[in-house]
Structure formats: structure tokens, C-alpha cells
Amino acid sequence: MGANNLKGTLLSVAGIIREKSKAGQLVSAEELLLTLKLEDRAKPEGDE
Amino acid sequence: MAENKDLKEIRAKDGASLYYSSMFMSDAYATLLLHKEEGAEALIADTVREDSDRYPRPTPLDVFKEPPFDLSQEEILSCLEEMSSRDEYQDISRVSTSIGHVFLYSTKHLDRDYAFMLAEWIDVGQFENP
């Protein structure tokens, strides 16, 4: 994984945790992974 | 990373990690949510123990009907019945005030007489002696 990808993943993780906290919810590691996978799948081709 | 200092980890009793942002949630609220995820019995017991230890004060049973607990009367009664048969909750006891309201306390931190006196003050005395 390149530095840009890693930074993007960290930003996504932080964003998910903050959004969930804003909604009054804790996030599990499993839920983070699942959400990241879904986000990755939703990306258009070549947007890696 | 410095810009993510608000991201915190909290561990469940089974070792699982959960995460939250302190920008949007206090540590105390995160702990309460964790107890809620671990089950209503643990939530009730940990809340009662913390009230009995920290303040100290007995916990009105009705508090568990309010947010963020949101338990129904049936759920609360069912939890108390379940807790009464489990070893790890044997310190959770109850007293009733003179007007019939039930309070819970932990015998690890309060004795029965003191718990009753505090419950009576919270429920009746403070309103008669403003």
C-alpha cells in the first residue's frame, strides 16, 4: 500500500469514527473494516 | 498523528476494541455505551456500582427508563430477576423509599441503612426541606 493510499485509509477511518460518534455510537474494528471494504467497492474504476 | 488525537479506543470485557471521537462524545458517555453493548445487566450493575462508589448515592430504578439507557419497565424487571440469580451481581441490592420508589445500590460501597437514608433524602427529604 502506497503512502497516499495509507493516508486515505487513515482519513476514512477517522471520518467513520467521528461520524459514528456524532450519531452517538461506538465503532468496532470489524465495523470499520466492513465500511472500508464497502467504500472501496463503491469507488469508480481506476480511482485507487 | 496529531490531528487524530480525538480518536480513542475503549475495550470491552471480552477484549474487543471499540472506537470513538472525543470531539463528539465524552469518555463517560463512551463507557456507558460500552456497558450498554455488553448487555443491560452489566449496564445496570456498572451504573449502580459507580453511583454507590463515586458520589456515593443509590440509583433510582426509573433512571434506566430515560435516555441514554432507554430500557422498558419489563426489560428492567427482567434484568433484575436475571441478576438476582447470578453470582457476579450479588452486590446489587434494592431499597424502597417511604413513597414506594425503588433505588438500587451496591453493597460493596454502601450499607443498607446508609443507602436507605440517602434514597429517602433524594426521594422525599430534599423536597420537604428545601
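Here are the numbers for this structure:
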{"quantity": "Which listed residue is surrounded by 14 or more Cβ atoms within 10 Å (Cβ to Cβ), acidic (Asp, Glu) and within 24 Å of B:Arg112 (Cα to Cα), from B:Glu81, B:Glu41", "calculated": "B:Glu41"}
{"quantity": "Number of positions in region B:30-52 that are within 10 Å of the chain's Cα centre (by Cα) and of a type in the set (Asp, Glu)", "calculated": "4"}
{"quantity": "Residue that is in contact (Cβ under 8 Å) with a residue 24 or more places away in the chain, hydroxyl-bearing (Ser, Thr, Tyr) and closer than 25 Å to B:Tyr29 by Cα, where the choices are B:Ser72, B:Ser78, B:Ser106, B:Ser93", "calculated": "B:Ser106"}
{"quantity": "Qualifying residue in region B:110-118 (condition: of a type in the set (Asp, Glu), at pLDDT 95 or above and either surrounded by fewer than 16 Cβ atoms within 10 Å (Cβ to Cβ) or not in a loop (DSSP other than H, G, I, E, B) (or both))", "calculated": "yes"}
{"quantity": "Selection from chain A of residues that are in a loop (DSSP other than H, G, I, E, B) and either more than 27 Å from B:Met25 (Cβ to Cβ) or modelled with pLDDT under 90 (or both)", "calculated": "A:Met1, A:Gly2, A:Lys43, A:Pro44, A:Glu45, A:Gly46, A:Asp47, A:Glu48"}
{"quantity": "Qualifying residue in region B:68-76 (condition: crowded, with 17+ Cβ neighbours inside 10 Å, more than 14 Å from every other protein chain (Cβ to nearest Cβ), closer than 30 Å to A:Thr35 by Cβ and in contact with a helix residue (DSSP H, G or I) (Cβ under 7 Å, 6 or more places away or on another chain))", "calculated": "yes"}
{"quantity": "Unique match (being of a type outside the set (Ser, Thr, Tyr) and more than 21 Å from A:Gln25 (Cβ to Cβ)) among B:Ile92, B:Ile44", "calculated": "B:Ile92"}
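The values are calculated or read from the model by the stated rules, or taken from the named source; none is laboratory data. Here the structure is a predicted model, which means the values were calculated and not measured. As a convention, Cβ positions derive from the backbone with ideal geometry for all residues, glycine included, and neighbour counts pool all protein chains shown.
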